[in-house]
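Some notes on the structure that comes next.
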Amino acid sequence: MQFKGKFLDLSSPRVMGILNVTPDSFSDGGAFNILENSLAQAGLMLSEGADIIDIGGESTRPGARDVSVQQELDRVIPVIELICQRFDTIVSIDTSKAQVMTEAINAGASLINDVRALQEKGALDAAVAAKVPVCLMHMQGQPRVMQQNPSYDDVVKDVMMFLQDRISICRKAGIAAEKIIVDPGFGFGKSLEHNYQMLANLEKFHRLNVPILAGMSRKSMIGNLLQREIGERLAGNVAVATLAAQKGVQIIRVHDVKETVDAVKIINMISAYKDNNER
């Protein structure tokens with residue numbers, strides 16, 4: 001897949017490192033909302049093997065408050081500019097706001113990662129104009145209320161139908177199929193059971209014929225099952241990332257880059273021997 005002249009081979013899983021420049025993100029809120037800290041963290045994740053740095057300026061944790069366009073711009077644009085100046089990497093902007101998308105792309109970002117799947121006012125037009133890849137995520141409800149009794153007839157089918165509809169809308173608007181990625185939205189309007197039903201059936205999302213991004217890092221689906229606080233979820237994080245890689249997910253979005261890269265290397269080695277034995 002092409003990202004502003006940078007090609008990323010998605011024939012094996014790639015790791016996206018999370019960089020939240022917010023004061024209230026559920027895992028690392030306040031840790032990287034100082035410019036120097038953000039730059040250092042990006043450098044660390046790249047040295048550990050991250051292929052993409054995903055920068056977000058608005059928390060989407062359950063109960064999160066909205067922030068203004070200007071607040072979000074003030075948080076993300078200086079970080080994007082500095083990272084793009086210092087490092088030769090792919091930068092993703094995690095936003096649902098059209099103006100933030102446009103200004104982030106102008107600042108050097110080359111992927112739009114939208115938890116609302118380009119449904120906010122002006123977002124689809126902004127993504128079309130940007131001419132960069134987009135990631136469309138499923139979310140039932142909005143962050144403030146999304147975890148209040150989420151309900152589905154069949155979570156896998158329902159999420160796939162939503163994503164297929166968004167793919168069709170994006171393609172009709174002028175976004176090429178080869179520029180679309182989908183994210184089932186683990187933890188976004190899903191119960192513990194919904195999340196693990198999706199993980200157990202993650203390979204079915206390949207029927208959409210676009211790359212899949214999975215983000216489960218440090219989420220409550222791990223903490224609630226294992227009864228672990230956020231800082232104690234590393235083993236669970238690696239376990240779900242490994243399962244995602246085994247199911248052919250192309251991009252794994254994580255906080256713990258080094259450990260995930262190690263797991264992916266093992267999956268790639270196993271896949272190579274399996275391929276050789278099948279020839």
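Read-outs throughout are calculated quantities, based only on the coordinates presented, and are distinct from any laboratory measurement. Fair warning: this is a prediction, and the values are worked out from it, not measured in the lab. Note that each Cβ is placed from the backbone with ideal geometry, even for glycine, and that neighbours are counted across all protein chains shown.
With the charge dipole of the range 10-278 set up from +1 on Lys and Arg Cβ and -1 on Asp and Glu Cβ about the Cα centre, the Cα lying farthest toward the positive end among the listed residues Val257, Gly231, Ala117 is that of Ala117. Straight Cα distances below 24 angstrom link Lys258 to the lysines Lys6, Lys219, Lys247, with same-chain residues fewer than 8 positions distant left out. DSSP beta bridges confined to the chain are antiparallel in about 5 percent of cases.
Within the set Lys179/Lys274; Lys121/Lys172; Lys4/Lys190; Lys179/Lys204; Lys157/Lys179; Lys97/Lys265, which residue pairs have Cα atoms separated by over 27 Å? In this structure, Lys179/Lys274; Lys4/Lys190; Lys97/Lys265 exceed 27 Å between Cα atoms. Normalising the average separation of contacting C-alpha pairs (under 8 angstrom, six or more residues apart) by the number of residues puts the relative contact order of the range 10-278 at 19 percent.
Its relative contact order, with pairs defined as Cα atoms under 8 Å and 6+ residues apart, puts the range 43-145 at 27 percent.
For the chain, a Gaussian network of Cα nodes joined below 10 Å ranks Gly56, Gly122, Gly248 by mean-square fluctuation, and the top entry is Gly122. For the range 174-201 versus the range 88-163, the inter-centroid distance based on Cα atoms is 12 Å. The phi torsions of the range 154-162, fed into the Karplus equation with coefficients 6.51, -1.76 and 1.60 and a -60° offset, translate into couplings of 8, 4, 5, 5, 5, 5, 4, 5, 4 Hz, rounded to whole numbers, with Gly and Pro shown as x. Packing around the peptides 234-244, 68-78, taken as the average count of other Cβ atoms within 10 Å per residue, puts them in this order, highest first: 234-244, 68-78.
Note the listed values (i) 0.93; (ii) 0.96; (iii) 1.10, then indicate which one is Rg/Rh (Cα atoms, Kirkwood Rh) calculated from this particular structure. Identified label for the calculated read-out: (i).
Measuring nothing but how far apart in sequence close Cα pairs (under 8 Å, 6+ apart) lie, relative to its length, the range 82-210 scores a relative contact order of 22 percent.
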